[in-house]
Amino acid sequence: MNERLIMTGSKKITVVTSEQMRAMRDLGHSRSDWARVAREEALNDPLAAEQNRAIGRLIAKIEARKRGRPVEGEAKTAISLRVPVSVLEHWKASGPGWQTRMVERLAAF
């Protein structure tokens, strides 16, 4: 297998064979040590390290946020209620917000 790979770098293109690529990988040239990169970045630019920590805190805050509409007042639960058709039609005929009005009337009892 003598396939040729192209490695791009800063303003130049280098063509290497797969054997050369494997040899470079074995020497550690083709993989990044991200922990080392982060350490060097923190040493060279303390502002970048603080910004990375701030971004991490922001991501954690966003992930902890609950989804959906915020609950207002007393929590509610969904139920299934069988009522005569005429009763349901009466409530629906009263216009938008009929469910809220029905709950208010039930709460009065």
With respect to residue 19, determine if the residue is closer than 30 Å to residue 100 by Cβ and modelled with pLDDT of 75 or more. no
Within the set of pairs 6 or more residues apart or between chains, which connect a residue that is of a type in the set (A, V, I, L, M, F, W, C) inside the stretch 12-35 to a residue that is at pLDDT 75 or above and surrounded by 11 or more Cβ atoms within 10 Å (Cβ to Cβ) with Cβ atoms less than 8 Å apart? 16/24
Within the stretch 64-71, does at least one residue satisfy the condition of being on the phi > 0 side of the Ramachandran plot, at pLDDT below 80, among the basic types (Lys, Arg) and surrounded by fewer than 10 Cβ atoms within 10 Å (Cβ to Cβ)? no
Starting from the stretch 80-96, take each residue that is surrounded by 10 or more Cβ atoms within 10 Å (Cβ to Cβ) and list its partners that are part of a helix (DSSP H, G or I), counting only C-beta distances under 7 angstrom and pairs at least six apart or across chains. 91/98; 91/102; 92/98; 94/101
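The values are calculated or read from the model by the stated rules, or taken from the named source; none is laboratory data. It should be emphasised that the depicted structure is a prediction, and the values quoted were computed from it without experimental measurement. Positions of Cβ are backbone-derived with ideal geometry, glycine not excepted, and every protein chain shown enters the neighbour counts.
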